[in-house]
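S.K.: Below: one structure in structure tokens.
The values are calculated or read from the model by the stated rules, or taken from the named source; none is laboratory data. Remember, it's a predicted structure, so these values are computed and weren't measured experimentally. As a convention, Cβ positions derive from the backbone with ideal geometry for all residues, glycine included, and neighbour counts pool all protein chains shown. What goes into the accessible areas is simple: the full protein's heavy atoms, side chains included, and nothing from ligands, DNA or RNA. Shrake-Rupley method; radii C 1.70, N 1.55, O 1.52, S 1.80 Å.
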Amino acid sequence: MMSKPYKLYFITGSQDLYGEDTLKKAAQHSREITEHLNSRLGDAAHIECMPVVRNSEEIADTCRKASCDRDCVGVIVWMHTFSPAKMWIKGLQRLHKPLCHLHTQYNETLPYDTIDMDFMNLNQSAHGDREFGFILARLGIKRHVVVGYYKDERTVSELRRFAEVAKAISFSENLKLAMFGSNMREVAVTDGDRVESQIKYGWEVNYYGIGDLNELVSKVTPAEAEEKLRDYLSMYELRTQDTGAVLEQAKMEIALRRFLHSGGFKAFTDTFQDLHGLTQLPGLAVQRLMGEGYGFAAEGDYKTAALCAILWKMAECRAGATGFMEDYTYDMKDGLVLGAHMLEVSPAFAADKPSIEVHPLSIGDKSAPARLVFSGIPKDRNTCDAIAVCMTDMGKGFRMICAEIELVAQPKPMPKLPVARLMWKLKPDFETGAKKWLEAGGGHHTVVSSALTMEDIELFAKLTDTELIVIK
Ligand code: MN
């Protein structure tokens with residue numbers, strides 16, 4: 001799951017009115033600004049400085065180029081001088097990449113002793129960016145507006161946010177998702193309009209019979225499974241005598257990897273109601289893939305699986321964990337949510353070395369599956385800020401709901417709970433947080449992330465034109 005070299009185009013607007021000298025300086029300043037930004041944002045994206053655009057033809061050509069460049073995930077546009085905005089209409093109508101309107105200046109302060117009309121004409125973003133802002137608003141183009149001196153920490157961090165969200169949107173537009181089986185029978189919130197998902201977000205969501213996976217499982221050799229088991233033993237603590245059950249998960253992991261790799265899938269679902277041919281519900285196998293960034297959600301919940309992969313991609317350059325989660329049960333007295341799933345919790349959340357355990361499932365009639373068990377809270381802290389995000393299909397359109405939560409340490413051991421789990425507090429308090437979630441129609445499946453913030457989700461929702469309800 002290594003990243004491609006993602007690019008952002010840096011486009012500086014001007015016009016011919018000011019003469020060659022001014023345009024040369026504008027180009028030089030743009031290069032210096034992009035060099036600085038690359039030194040700060042290089043891990044998230046490479047910013048490519050484009051030639052200063054002076055007229056509608058150059059603007060349209062640059063926007064077309066950005067739209068056609070597969071490695072370009074977004075554009076940053078800045079008016080160094082004044083660039084009459086009718087010149088931008090044709091180009092903006094041909095731009096199909098997320099847009100960040102950067103409102104900055106090459107100079108941080110005014111040179112009070114020397115300022116003259118030449119300086120004013122060269123450095124007039126205050127003027128030019130207002131003209132540009134108008135045409136963006138008039139055309140109804142969703143964009144991230146970032147205001148501040150380009151070397152300021154806050155400006156850089158907002159541009160980083162744009163780079164990461166733009167990258168996630170590009171990932172979304174190319175996402176392929178495999179559903180093993182379909183939606184869990186009669187469950188509403190996990191279902192959705194897959195045609196509309198593809199129109200809106202680009203996801204190619206396709207159904208596969210579990211037999212397609214089972215065939216690959218049966219082809220895994222004993223030697224391959226044994227080798228995988230040795231990997232497990234080097235990473236996890238084995239707390240079971242039933243190595244046969246663990247080997248079965250090793251086979252499923254190998255088979256799943258082959259299936260996902262051969263189809264270019266970055267996300268998948270399964271359902272415990274349709275496991276024909278498999279001896280166990282995939283647990284450990286799925287957890288291992290989730291820990292590497294494959295999007296997953298159970299019970300055929302393709303929307304959460306896709307969201308999981310997209311948010312993992314958004315967060316890949318940051319500290320913290322991102323993964324599928326389910327609100328399971330409460331400590332109402334202390335206002336605590338216990339989040340877990342039947343098996344499938346990402347080991348990215350593990351606070352310490354996960355253990356491999358084998359226990360029967362209380363539902364379904366398959367063999368006892370092997371799974372990774374751990375509790376999750378960052379090692380060095382008692383609490384940790386996080387968000388819980390879900391995506392629902394309201395019929396008239398998709399709705400995202402994002403709640404700020406606080407991950408907390410498990411107050412007491414739970415020696416009989418055979419699954420990995422997280423615990424958290426709702427914000428602003430238990431009653432309000434839960435009430436608002438229910439009123440918004442938020443599902444029980446979410447993506448929890450301690451790497452991302454509400455602002456990241458707000459930007460994703462804005463740039464994808466998705467309804468968002470926030471709870472904090
Ligand atoms: Mn579930």
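S.K.: Exactly one of (1) within 11 Å of the ligand (Cβ to nearest atom); (2) touching a Pro at 6+ places or on another chain (Cβ under 9 Å) is unmet by residue 320. Its number?
M.R.: (1)
S.K.: If you don't mind, there's one more thing I want to ask. On the basis of being open to solvent by 10 Å² or more (accessible area, probe 1.4 Å) and within 16 Å of the ligand (Cβ to nearest atom), does residue 329 make the cut?
M.R.: Here the answer is yes, as residue 329 does meet what is asked.
For (1) on the phi > 0 side of the Ramachandran plot; (2) in contact with a His (Cβ under 9 Å, 6 or more places away or on another chain); (3) open to solvent by 10 Å² or more (accessible area, probe 1.4 Å), each residue gets a yes or a no:
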{"residue": "12", "(1), (2), (3)": "no, yes, no"}
{"residue": "18", "(1), (2), (3)": "no, no, yes"}
{"residue": "73", "(1), (2), (3)": "no, no, no"}
{"residue": "110", "(1), (2), (3)": "no, no, yes"}
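S.K.: Considering each residue of segment 165-194, count those that are within 14 Å of the ligand (Cβ to nearest atom), of a type in the set (Gly, Ala, Ser) and at pLDDT 95 or above, and give that number.
M.R.: Quick first cut of segment 165-194, residues within 14 Å of the ligand (Cβ to nearest atom) only: 181, 183-191.
Still in the list and also of a type in the set (Gly, Ala, Ser): 181, 188.
Cutting the leftovers down to at pLDDT 95 or above gives us 188.
The number of residues fulfilling the criteria is 1.
S.K.: Okay, moving on. Check whether at least one residue in segment 231-238 is touching a Cys at 6+ places or on another chain (Cβ under 9 Å) and not β-branched (Val, Ile, Thr), and report yes or no.
M.R.: No, segment 231-238 contains no residue that is touching a Cys at 6+ places or on another chain (Cβ under 9 Å) and not β-branched (Val, Ile, Thr).
S.K.: Taking residue 377 as meeting all but one of (1) surrounded by 21 or more Cβ atoms within 10 Å (Cβ to Cβ); (2) within 26 Å of the chain's Cα centre (by Cα); (3) more than 28 Å from residue 187 (Cα to Cα); (4) modelled with pLDDT of 95 or more, write down the number of the exception.
M.R.: Exception for residue 377: condition (4).
S.K.: Something else about it: When the residues of segment 422-433 are filtered to those that are open to solvent by 20 Å² or more (accessible area, probe 1.4 Å) and not in a loop (DSSP other than H, G, I, E, B), which remaining residue is nearest to residue 353 (Cα to Cα)?
M.R.: 425
S.K.: Hey, among the residues in segment 266-298 that are within 16 Å of the ligand (Cβ to nearest atom) and among the β-branched types (Val, Ile, Thr), which one's nearest to the chain's Cα centre (by Cα)?
M.R.: Applying the filter and picking the extreme gives 269.
S.K.: Cβ-Cβ under 9 Å, sequence separation 6+ or interchain: first residue in segment 293-309 and outside the structural domain of residue 400 (by TED's automatic domain parsing), partner open to solvent by 10 Å² or more (accessible area, probe 1.4 Å) and within 15 Å of the ligand (Cβ to nearest atom). Which pairs?
M.R.: Final answer for the pair search is none.
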